[in-house]
Amino acid sequence: MVRKEIDALLKTAHDQLIRAEDDVKDGFYDSCALFSALCAENSASALILALGSKPSKKHRNWYMLKIIPKPKSLEVTVNNTLELLKNMEQHIIRTRYPTQNEEGKFLVPSEYYDKNKAENLLKNAKKILNQVETLIKKIEKINKT
């Protein structure tokens, strides 16, 4: 049952990555940022399940990855993933609501996100998804032995 949920989360992450790639090409940088962040979050949820825990429902999977037990041999890679994720998850909220800048001006997400921000988030989402898929394969090998 858990494997089916992991597969569904990874499929969702791949679908979100495709949407993010399409949106950055079309100049929809805020939605590229959102789909990139969602891709990263769903990838992390799959990893957390593979590690035998339950994902956060509060957009804090980076914290879950920090506190749950993990195989010693995978700690460095999991920690690298959680650091990338920590920076990504804040964009799940930021892409949906106006934010206030240092001068007190409110920026809607379409004004806040530019091509550079969107491309960086997309790059990190790809990296997280790839790392997670590799980690899950390693976890499955460890669990078979």
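Side notes on the structure shown:
- Set Lys117/Lys141; Lys11/Lys123; Lys25/Lys70; Lys57/Lys105; Lys25/Lys66 screened for pairs whose C-alpha atoms are more than 27 Å apart: Lys117/Lys141; Lys25/Lys70; Lys57/Lys105; Lys25/Lys66
- Full-stretch length increase - Asn120, Ile68 - with 0.36 nm per residue and alpha-carbon distance subtracted: 16.0 nm
- Folded to 0 to 90 degrees: helix 29-50 orientation relative to the chain principal axis, Cα: 10 degrees
- A full extension of the chain between Lys127 and Asn143 corresponds to an added length of 3.3 nm, given 0.36 nm per residue minus the alpha carbon distance.
- Candidate values [x] 1.21; [y] 1.02; [z] 0.99 were compared with Rg/Rh (Cα atoms, Kirkwood Rh) computed on the shown model; the agreeing label is [y].
- The slack between Asn80 and Val108, meaning 0.36 nm per residue of separation minus the straight C-alpha distance, is 7.0 nm.
- For the chain, the longest principal axis of the Cα atoms and the long axis of helix 75-94 meet at an angle of about 30 degrees.
- Computed [θ] at 222 nm, helices only, for the chain once each DSSP H run of length n ≥ 4 contributes -39500 (n - 2.57): -25000 deg cm²/dmol
- Helix axis angle, 2-25 relative to the chain longest principal axis, alpha carbon, degrees: 30 degrees
Values in this text are rule-based calculations from the coordinates and carry no lab data. The model shown is predicted, which means the values in this text are computed figures rather than measured ones.
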